[in-house]
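Peer 1: Before I ask anything, here is the structure I am working with.
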Amino acid sequence: MTYTYDDQNIFARILRGEIPNKTVLETAHTLVFHDINPLAPVHVLVIPKGRYVCFDHFCAEASDAEIVDFHRVAAKVCAMTGVAPDRGDGFRAITNAGANGVQEVPHYHLHILGGRPMGRMVAKV
């Protein structure tokens, strides 16, 4: 599958420093920042610095170093924000892909939400 990356998406612009963000953690391969429209007391976005459109694109084409860093950073942020089950009451991790997944920004990102009960994951149709 071929993915077309839009260099003008908001996360690409954040990575270039064109749009400010409230950074939680940054590494060579990953940036974590607070969502500007939080849906829970803890709502952060974990994004790779590489040009990946969605989860499957990242999994298929990212380097081993990028994949490991992304997931280690996500774990660290869960601990830092107090939502990891060994420190808090848990969290939800969400990523959306494509039209049916209601992806709004065409740059792979993982939402980590916590600090309150999250309810059912998907409504039964």
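Peer 1: Tell me the Kirkwood radius of the stretch 70-115: reciprocal of the mean inverse pair distance over distinct alpha-carbon atoms, in Å.
Peer 2: Across the stretch 70-115, the inverse of the average 1/r is 11.5 Å.
Peer 1: Another question, if that's okay. Can you list residues whose amide H is under 5 Å from Y52's amide H, if they're 5+ apart or on another chain and H is modeled 1.01 Å from N?
Peer 2: Under 5 Å from the amide H of Y52 lie the amide H atoms of Y108, each far enough along the sequence or on another chain.
Peer 1: Which cross-chain or sequence-distant (5 or more) residues have an amide H under 5 Å from the amide H of L31, H modelled 1.01 Å from N in plane?
Peer 2: Under 5 Å from the amide H of L31: I47, K49.
Peer 1: Same structure, new question: Report ³J(HN,Hα) in whole Hz for each residue of the stretch 106-116, in order, from the Karplus equation J = 6.51 cos²θ - 1.76 cosθ + 1.60 where θ = phi - 60°; Gly and Pro get x.
Peer 2: Result, ordered by residue: x, 9, 3, 8, 10, 7, 10, 10, x, x, 6 Hz.
Peer 1: Angle, helix 64-80 long axis vs. longest principal axis of the chain, Cα atoms, 0 to 90°, nearest 10?
Peer 2: With both axes taken from Cα atoms, the answer is about 30 degrees.
Peer 1: Turning to a different aspect of this structure: Taking 25 °C and 0.890 mPa s as the conditions, I'd like the Stokes-Einstein D for the chain in µm²/s, using the Kirkwood hydrodynamic radius from alpha carbon pairs.
Peer 2: 163
Peer 1: Here's a follow-up. Give, as a single signed number, the net charge of other residues whose beta carbon lies under 14 Å from the beta carbon of I67, with Lys and Arg counted +1 and Asp and Glu -1.
Peer 2: -3
Readers should treat all values here as calculations from the given coordinates under stated rules, not as data from a laboratory. Because the structure is a prediction, the values reported are computed rather than measured. A quick note on method: Cβ atoms are made from the backbone with ideal geometry, for glycine too, and the neighbour counts reach across all protein chains shown.
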